[in-house]
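Peer 1: I'd like to ask some things about the structure below.
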Amino acid sequence: MRYLSAILDINTVTLLNISSGLAVVLFRHLGLGLLLPLILAGSLGHGLAAVTRIESLHLATGLFFGIFLTLTSALSAWLWQKYYPHCLDTVRALFRFVLVGCLLPAIAMMAIVAIPLYIDEQLVHGRLQFLTIEFTMTYTTSTLLWVSLYTAWQRQGCDWPTLRWQNVAYVAAIMALTLISFSVFPGAIYIELALLIYIAFSGHWRTLLVGLCGLIIVSILRVPFDMGAFAIPDLYDGVLALLIFIFTTVLASISISIQVMEYKNAVAARDSWQRKASLDPLTGTVNRYGLLPELAIEYERSRRARYTYTVAVIDVDNFKQFNDTYGHSAGDRVLQDVAAEITRAVRQTDLVARYGGEEFVIIFRNTDSHDAYYVAERIRQRIATNTSQFDNQSLTYTVSCGLSESCPNDSHPEQVFDRADDHLYTAKSLGRNRVVVAPKEDP
């Protein structure tokens, strides 16, 4: 790439040391067995490019530069694999990788390469400072971008079917704004920065990376003709300002995108734990702690929308004796089967919960007690004719149920539940295996 750029006279190829970042990914993916071939290719490519560009430069100096550039890429790949394999999972890990895996190896290489440059009398006043900043910025930007592209490819692949016109439009807008900033309106580059930040916050990870590549490619092609917003009297200062702008843009955009992914993962983990915390692990229904908020929500909704809901409290008859006779494992099987039967009988909009022990609760949303009674009765009949298999035994059992409809005079959410619970005990006292409905005139 270096030799090709020298032949084509692309003086601004230092905007992105593409070969170095690509070498880091190749070493990471294929191993250090590529070290010797890449050293040969790198030394020849950089050596010939340097001699083509600077006639007074000795070939050995160019070869030396190419060899150590390849070794630097191998070092970055080794640090990435050993210490920062998850550098794109958190912003802290990303910055550590940028510092230890990119900047420090690049600075160390320039310190070593400065020796033959000094011997070859190429270090004029201020030249080493310019070369150091130029190389560290291009090397770090290239490595960071290639590592991000490689990681995105490893984790998500190239999912072309999910490509949408919106993603293509984002990339096209970034490239168009870059072109405009270098040819028509220099201030467009800051509009482009705002667009990149928006894409990062929107969570379009792969679109962001492709857009950053488009920014760099257009910059490389346009800078030889116009420096745009970076056209300042001192050419070296303008080049360094552009390099630093591209580096900080890439780092900031990727950092924001990682932060957004961290936030989404944290929210998903929280929601997952909340769901697990509100579910009964034995039956898979909502537990008592998940039921109480739902009762409050339904109570407020009924007062606001003036609609009726019904609560059913269901209890397995003689469950303690059942446990004592067959054991707790058999009792667990019964509870699972009862929960499954209840869940199958109700609508998806209704709520089924295990209140505790052998007691279950159903919230029949937007349903009066007359309609809820038929569902509860169907549940009771099915359970009474059902059998649970455990240790080659067929277990039979029944349930009792109390029903209560919400009342406009209810002053708190638990009142309708308390009435249903009271009439559950009425069903028990009347002989069990029955459904008892609380009268609507009950307070």
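The values are calculated or read from the model by the stated rules, or taken from the named source; none is laboratory data. This structure is a prediction, so every number in the text was calculated from the model and none was measured. Every residue, glycine as well, gets a Cβ built from its backbone with ideal geometry; the counts of neighbours run over all protein chains shown.
Peer 1: Only residues that are modelled with pLDDT under 75 and on the phi < 0 side of the Ramachandran plot: list them for the range 103-138, please.
Peer 2: PRO116, LEU117, TYR118, ILE119, ASP120, GLN122, LEU123, VAL124, HIS125, ARG127
Peer 1: Now for a separate question. Give me the residue from the range 263-282 that is over 24 Å from ASP337 (Cβ atoms) and of a type in the set (Gly, Ala, Ser) and, out of that set, farthest from the chain's Cα centre (by Cα).
Peer 2: Taking the candidates together, the pick is ALA277.
Peer 1: Determine which single condition ILE232 fails, assuming it passes every other condition in (1) touching a Phe, Trp or Tyr at 6+ places or on another chain (Cβ under 6 Å); (2) at pLDDT below 90.
Peer 2: With (1) touching a Phe, Trp or Tyr at 6+ places or on another chain (Cβ under 6 Å); (2) at pLDDT below 90 applied to ILE232, the lone miss is (1).
Peer 1: May I pose another question? Quickly run through the range 83-102 and pick out the residues that are modelled with pLDDT of 95 or more and basic (Lys, Arg).
Peer 2: ARG96 - this is the single residue of the range 83-102 that is modelled with pLDDT of 95 or more and basic (Lys, Arg).
Peer 1: On the phi < 0 side of the Ramachandran plot, in contact with a strand residue (DSSP E or B) (Cβ under 6 Å, 6 or more places away or on another chain) and of a type in the set (Lys, Arg): which single residue out of ARG270, ARG344, ARG333 fits that description?
Peer 2: The unique qualifying residue is ARG333.
Peer 1: Take the residues in the range 59-82 that are more than 44 Å from the chain's Cα centre (by Cα) and surrounded by fewer than 18 Cβ atoms within 10 Å (Cβ to Cβ), then tell me which one is modelled with the lowest pLDDT.
Peer 2: Across the range 59-82, the extreme among qualifying residues is LEU59.
Peer 1: Do any residues in the range 394-408 that are assigned by TED's automatic domain parsing to the domain that holds PHE364 have Cβ atoms under 9 Å from those of residues that are hydrophobic (A, V, I, L, M, F, W, C) and assigned to a loop (DSSP other than H, G, I, E, B), where the two are at least six apart or on different chains, and which pairs are they?
Peer 2: SER400/LEU430; GLY402/ALA438; LEU403/ALA438; SER404/ALA438; GLU405/ALA438
Peer 1: From the list ASP271, ASP315, which one is over 30 Å from VAL218 (Cβ atoms) and in contact with a helix residue (DSSP H, G or I) (Cβ under 8 Å, 6 or more places away or on another chain)?
Peer 2: After ruling out the rest, the residue left standing is ASP315.
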